[in-house]
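Reviewing the structure listed below.
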Amino acid sequence: MSRGVKLGVIGGVFAVMVGGCGYGVYNIASALTEGTRASSPAAPERRTGPPDADEVAETSRKFLTAWAEGDAPTAASYTTDMGAAGDLLASYAGEAGITARITPGTPAGTTVPFSVRATVSHDGKSKALAYRGELRVVRGAEDGRALVDWSPSVVHPELRDGDTLVTGESAAPRIEAVDRDGTVLTRKEYPSLGPVLDTLRERYGEKTGGTPGVELAVRHAAEDTADTPLLVLSEGRPGRLRTTLSAPVQAAAERAVQRFGESSVVAVKPSTGEVLAVANNRADGFDAAFQGKVAPGSTMKIVTAAMLIDNGVTSMNGPAPCPAEAVWQGQTFHNLRGMEPNESATLANTFLRSCNTGFIKLVDEEPLTDASLAREAEDRFGLGKDWRTGIVSADGTVPVAGGPDRAAGAIGQGQVQMNPLNMASVTATAITGAFRQPHLVPDGLDDRPRATAQGLPPGTAAQLKEMMRLTATQGTAQRAMAGLGGDIGAKTGSAEVDGQSVANSWFTGFRNDVAAAAMTEGGGHGGDAAGPIVADVLRAGG
């Protein structure tokens with residue numbers, strides 16, 4: 001009888017036991033009946049439907065056991081993607097230097113939770129690591145086997161497609177980031193700042209006097225995404241980095257975005273361009289507040305109104321009729337359901353009610369051209385001018401557009417793309433008349449130039465600010481802004497997106513020397529979801 005290695009479960013923890021054991025041998029005689037050789041056994045029938053409890057238990061046991069032993073090829077063979085799983089599991093024990101004991105929990109249907117107690121080792125240094133994870137068992141598409149539905153998050157919840165785990169000297173020294181008043185900013189207290197702090201560390205760690213340590217980190221596949229540290233084996237010396245953020249406003253922003261899923265918000269100081277807060281509540285972890293590129297809906301009417309005033313088409317108290325529908329080059333545009341037409345409306349009335357047709361009826365007036373909105377956005381509001389904020393950001397897209405897209409762009413649809421950072425800046429420019437490029441860190445840390453723009457004539461800025469005041473006190477933003485004191489103003493928006501049954505909710509507003517903008521995917525009308533988020537932030541910082 002041969003000797004071998006037998007896998008066992010001790011106390012629910014996968015372990016390795018070496019010893020003698022007998023292995024069953026297929027008995028040919030059992031295939032014979034009364035002297036007649038049986039035909040070859042038929043191939044097992046391909047199973048269908050969700051895996052049953054036995055399959056879930058067996059598949060998860062085999063996968064977790066092989067993973068705990070550091071046997072990446074075998075563990076990967078029990079997944080739906082052997083190649084990707086094999087590479088990541090090999091790096092777990094290799095580049096990351098992790099040895100683990102894995103304890104499975106009680107399955108819930110096809111989902112199996114588990115806990116990991118591990119040791120991370122590098123160059124004579126070791127430290128304990130503990131975390132929880134879960135896997136899901138599915139039916140394989142090709143052969144019907146029960147397999148672990150592969151995702152990098154099975155290995156660690158911070159991992160995404162293409163990410164790896166590495167242990168070694170940190171890419172940059174750690175930083176102690178502080179707000180404008182010296183309060184230390186941590187990812188534990190301000191979760192939305194995690195990716196921001198990682199990027200600030202990567203860009204400015206060496207400029208703040210720190211020295212690198214040794215750490216386990218997630219190395220992200222996405223470009224311009226800094227490593228995410230998971231465990232520090234050796235501290236190094238952190239540098240100190242002062243930011244423009246405000247801890248009280250950031251705390252309010254963190255709480256506000258939790259009110260609605262898939263939400264993002266940014267607050268800036270109009271008199272300086274300093275970013276006071278940035279927060280996201282998104283399942284995908286994407287920094288949509290700074291990097292998003294989606295239609296901003298009727299919040300774009302701030303820029304469109306400025307274009308109309310600057311080009312002499314109309315003024316705040318000038319005509320801007322609001323018919324039930326408007327036809328532009330064969331495409332018909334409508335207003336929100338229930339909006340009463342007003343053929344004698346002024347621009348202020350059309351703005352505060354957010355009448356689409358009133359703006360579209362004016363975009364073909366002389367001297368406007370296909371390029372007018374794009375010029376206004378870039379020359380006056382600084383959009384699309386390569387902002388250098390201190391972290392990765394998108395600076396808005398308002399292209400020259402003809403045909404139906406010219407009209408759609410006037411109401412924040414078509415090819416126009418923005419994010420909350422852009423719209424907070426638009427509000428800041430509208431109420432001060434000056435474009436001050438938003439930024440998170442002082443200029444002295446590097447030689448990056450700030451974008452510049454002409455800004456608005458004083459008369460235009462005064463009219464925009466007054467129309468936003470009216471919108472906050474008498475128009476579509478009234479309910480969201482109720483109870484806020486001081487000098488307030490706002491603009492609502494909802495943006496239709498292909499494939500979504502409910503529009504994205506947009507809202508931008510100001511209170512004294514704070515401007516904020518928010519977006520909630522699938523949030524509906526601007527005042528329903530994004531509005532309360534902005535109001536909460538303004539209440540904390542205004």
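No lab work stands behind these numbers, since they all come straight from the coordinates. Predicted model only: the values in this text are computed from it and were never measured. Cβ atoms come from the backbone with ideal geometry, glycine included; neighbour counts cover every protein chain shown.
Remarks
- Protection proxy ranking of 245-253, 202-210 - average other beta-carbon atoms within 10 Å, highest first: 245-253, 202-210
- In this structure the amide hydrogen of residue 105, modeled in the peptide plane, comes within under 5 Å of the amide hydrogens of 114, 115, none closer than 5 places in sequence on its chain.
- For the chain, the average shadow cast by the Cα convex hull is 33.2 nm², which is a quarter of the hull's surface.
- Estimated from the Cβ-Cβ distance and a Förster radius of 45 angstrom, the FRET efficiency linking residue 181 and residue 57 is about 0.25.
- Value of [θ]222 nm, deg cm²/dmol, for the chain, DSSP H segments ≥ 4, -39500 (n - 2.57) each, nearest 500: -7500 deg cm²/dmol
- Hydrodynamic estimate: the Kirkwood radius of region 170-243 over Cα pairs, inserted into Stokes-Einstein at 25 °C and 0.890 mPa s, corresponds to D of 199 µm²/s.
- Segments 492-498, 107-113 sorted - mean Cβ within 10 Å per residue, highest first: 492-498, 107-113
- Computed over the chain: relative contact order in percent, which uses C-alpha pairs under 8 Å that are six or more apart: 11 percent
- Taking other C-beta atoms within 10 Å as the exposure proxy, 491, 125, 385 rank 125, 385, 491 from fewest upward.
- Seen against the Cα atoms of the chain and their longest principal axis, helix 301-310 is set at about 30 degrees.
- Highest to lowest packing among 333-345, 471-483, 217-229, scored as the average C-beta count within 10 Å: 471-483, 217-229, 333-345
- Axis of helix 194-204 versus longest Cα principal axis of the chain: the two differ by about 80°, to the nearest ten degrees.
- Near residue 322, the amide H atoms lying under 5 Å from its own belong to 342, 343, 344, 345; only residues 5 or more places off or on other chains count, and H is placed 1.01 Å from N.
- Under 16 Å between alpha carbons - lysine pairs in the chain that sit 8 or more apart or on different chains: 7
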